[in-house]
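Below is one structure, written out as C-alpha cells, with a few remarks after it.
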Amino acid sequence: MNASPRSTTTSTTPGDPTTYFPANLRYTPSRGVWLLQKLCDAFQLERGLLQTWRQEEASIPVAWADAWLTFLQKPHKAGNSPQHLRPIALLDPVGKAVTGILRQQLDARIMPHMVTQHQYGYLPSRSVQQALGRAFMHCRAVRDLSQAQRRSLYEQKAGNQTRGCAGGMQLSIDLTQAFDRVSRGLLETALIYIGVPLDLRSLLLRWVHAVHYVVQREGHQQRFGTTQGIRQGCRLSPSLWNCVVIYLTHLLEQRLGTEWCRQHQVGYADDNLFQWTFRNRDEVTQAIHEAGIIIDVFEGNGLLVSKDKTAILLRLAGPQATALRRKITKRVEGHCHLVLGPDLTLPLKAKHVYLGAIISFDRFEEYTADHRCQAGIATYQRLRKHLHSKRAWPLHKRIRLWKAYVLPTVFYALTASGLTSNGAARLRIELVRQLRAIAGRPRHITLESDTQFLDSIGMEPPLQILVQRQKRVLEKTYSLQGCLSAHDVRLDPALLEHETNILQHFQELAQPTNATGAGADLPCPDCGQCFPTEASL
C-alpha cells in the first residue's frame, strides 16, 4: 500500500507498518486499528511463510487444511436423513487468505480456456443471467421452428412446404455430489492439461491432499482424512472445479469434434445443459447418440449422473414426428423415457427447473413467471411477521425490507426469460396485493386505484422496476465491450440482441395501457367510483 499524496509525514520507527497507509488513518480508531492488523498479518505471512515456501518445500499448516463441518438442512427436505443435510466447511481465516492468493495465480491459467466456452460459473464478468439467457434463446428458437411446421389451409394451397421432422432437444444433467466425487487423479490431470506450472500445481495438490474434516458433536471431536473430492467453502474450490470442467470439455470435443461444446453446451458451476436443433430425422438420431456419449464421458471420469433428476426436453414437429417419437421413446414405470442406449434411458419432460427458472419448448415465459411468483410468496410468508409488525417498524422500513428480499426473488430469471402479458399481470397483481397487505390498505376499503396507492407509498409500478433492472443488465454488457476480447462469449451478439428485445418488450408491458388494472380502472356511470374489473364493477 502506498501513502496518499495528501498524507502528512509523521515520525515513525524503522520498519513500522503504519508508514504504508495515509497518516489521516493511522490514528482513526475505527479504521486504523484494522488496517494496522491487516498489514501486520501480511508482514508475518510474507516473512514467516512465503519466503520459506520459496526457499524450501512447501508445507501446509494443519489448521489451514482442516475444515470444521456444520450441516444445513436442504430446502424442501425433512432433515431426518444425512442426504437431507448440506455440509458446510468452516475454515481458518488466514488459510482462506492464502488460498485466495493461490486462486489468483490459478485463475490466470483458467481464463484463456474459458474465453470461447459458454461456461458462466465462478468467472469474472459472467453470471447466471447469461446461462439462463442462452437456455431461453434456444427454447424460443426451437418453439418458433416447431410452430413453423404447422401449415394453415391457405399456406397449403400456396404450396408452402414443411420439413419432414424439425424441433429440438435439451439435456439437463444433474451430477450427484459433483464436488465430492472429483478424484485426485482427475484433478491432477486437469491441472496438467490447462498448463499450471509445476510449483503451483504441487502446492495446490499438496493442499488438497492435506484436507481433513473435523466433526464436533455433543462434546466429542473427530478428524477424518479425505481420499477424493474438492471441499466446498474453500476459496480454491470454484477454480479447481473450473479446471475439471475445462478438461471434461476437452474430452467431449475429442469424441464429438472441435467447437462442439461451444455450439451445444451451456454450463454454470456443476449444472450442465446441452442443446440441439433438428431439421431432419438424421439430426435427431445424431443428437441421441451424442447425448449417450456425454453421459459416458461424465461417468467414465468418476462423476455420477443422477438418472432420476437428469431430464430431457424434446420437441418434434412435422409429418414424421409422431412415428419417430414412438421409435425413440418407451414407457418406464409409467413415464415416457428417451432411449439413449440398450441400458440407458432418461425421463422426458415438458418443462424442467433449471437454475431456479423453468425451461420448456412451450410457454416458458409464463412457467417461469409462475415459478418465481410462488418463490416470492414463500419469501413473503417467511418474513410476514416482520413485514406486518406495525408497532416495531414504520411502514417505509417494512417496504425497504420487502424490496430487499421479496422483489429480487420474484424478478430473478425474468430478465433472461422475458414476460408475456398474462405473466406480467400475474406478477403485478401479486406484488401489489402484498404491498397493500403490508400497508394495511386493502382496495375494497380504501377504494384507491393501484396507481394512487403506489404513488402514496412512494413506489414505482413493479413493471417499471423490472424495466430498470433490465436496463442495468444491458449497461453491464455494454460496459464490458472495452474490457473483454471481441471473441469472448460474454459479448455474444446473439445474447446482446436477446437482452435488448426483452428490454423493449418490458417497456411495452410497462405502458399504462398495457398494465391491466394499473391505470385503466373502470368508472361506475352512476356514482363515478372506479373498479379494476368488469366483474367488480
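Values in this text are rule-based calculations from the coordinates and carry no lab data. Values in this document were obtained by computation on a predicted structure and should not be read as measured data. As a convention, Cβ positions derive from the backbone with ideal geometry for all residues, glycine included, and neighbour counts pool all protein chains shown.
Over the stretch 351-469, calculate the relative contact order: mean separation of alpha carbon pairs under 8 Å at least 6 apart, over the residue count, as a percent. Can you show the working numbers first?
Numbers: 93 pairs, mean separation 33.1, N = 119.
Relative contact order for the stretch 351-469 comes out at 28 percent.
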**Asked** Under a point-charge model restricted to the Cβ atoms of Lys and Arg (+1) and Asp and Glu (-1), what is the dipole moment magnitude of the stretch 338-404 relative to its Cα centre, in debye to the nearest 20?
**Response** 1000
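Just subtract the alpha-carbon distance of Q221 and H335 from 0.36 nm times their residue separation and send over the number in nm, one decimal. Please list the in-between numbers first.
Numbers: separation 114, 0.36 × 114 = 41.04 nm, distance 4.66 nm.
Length gained between Q221 and H335: 36.4 nm.
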**Request:** Any chance you could list P(r) for the stretch 126-273, counting all Cα-Cα pairs in 10 angstrom bins from zero, rounded to whole %?
**Result:** 9, 27, 26, 17, 11, 7, 3, 1, 0
**Message:** I need C373, C336, C234, C483 ordered by Cβ neighbour count within 10 Å, fewest first.
**Reply:** C483, C336, C373, C234
**Request:** Just subtract the alpha-carbon distance of A141 and D455 from 0.36 nm times their residue separation and send over the number in nm, one decimal.
**Result:** 109.1 nm
**Request:** At most 10 other Cβ atoms within 10 Å and a DSSP loop assignment: could you name the trypsin sites (Lys or Arg not before Pro) in the stretch 172-260 that fit?
**Result:** none
**Prompt:** How about the stretch 384-415: which trypsin sites (Lys or Arg not before Pro) there are in a DSSP loop, with at most 15 other Cβ atoms within 10 Å of their Cβ?
**Reply:** K390, R391
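Could you compute the net charge surrounding Y193? Neighbours are other residues with a C-beta less than 13 Å from the C-beta of Y193; K and R count +1, D and E count -1. Display every interim value, and only then the final one.
On the way: positive: R109, R201; negative: E188, E253.
Counting the neighbours of Y193, the net charge comes to 0.
Fewest Cβ neighbours within 10 Å first, please rank H505, H220, H335 accordingly.
Values: H505 18, H220 7, H335 11.
Ascending number of Cβ neighbours within 10 Å: H220, H335, H505.
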**Request:** Mind giving me the nanometre distance, one decimal, between the label points for D308 and T420, set 7 Å out from Cα along Cα→Cβ?
**Result:** 3.2
**Item:** Ordering of 84-94, 355-365, 323-333 by packing [mean C-beta count within 10 Å, highest first]
**Value:** 355-365, 84-94, 323-333
**Message:** I need the phi-derived Karplus couplings for the stretch 363-373: 6.51 cos²θ - 1.76 cosθ + 1.60, θ = phi - 60°, integer Hz, Gly and Pro marked x.
**Reply:** 8, 5, 4, 6, 4, 5, 4, 5, 5, 5, 5
**Request:** Return the FRET efficiency for the residue pair Q254, L395: r is the Cβ-Cβ distance, R0 is 60 Å, and the value is rounded to the nearest 0.05.
**Result:** 0.45
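Between Q374 and R326, what is 0.36 nm times their sequence separation minus the Cα-Cα distance? Round to one decimal in nm. Spell out each step's value before the answer.
Numbers: separation 48, 0.36 × 48 = 17.28 nm, distance 3.53 nm.
Difference between extended and current length: 13.7 nm.
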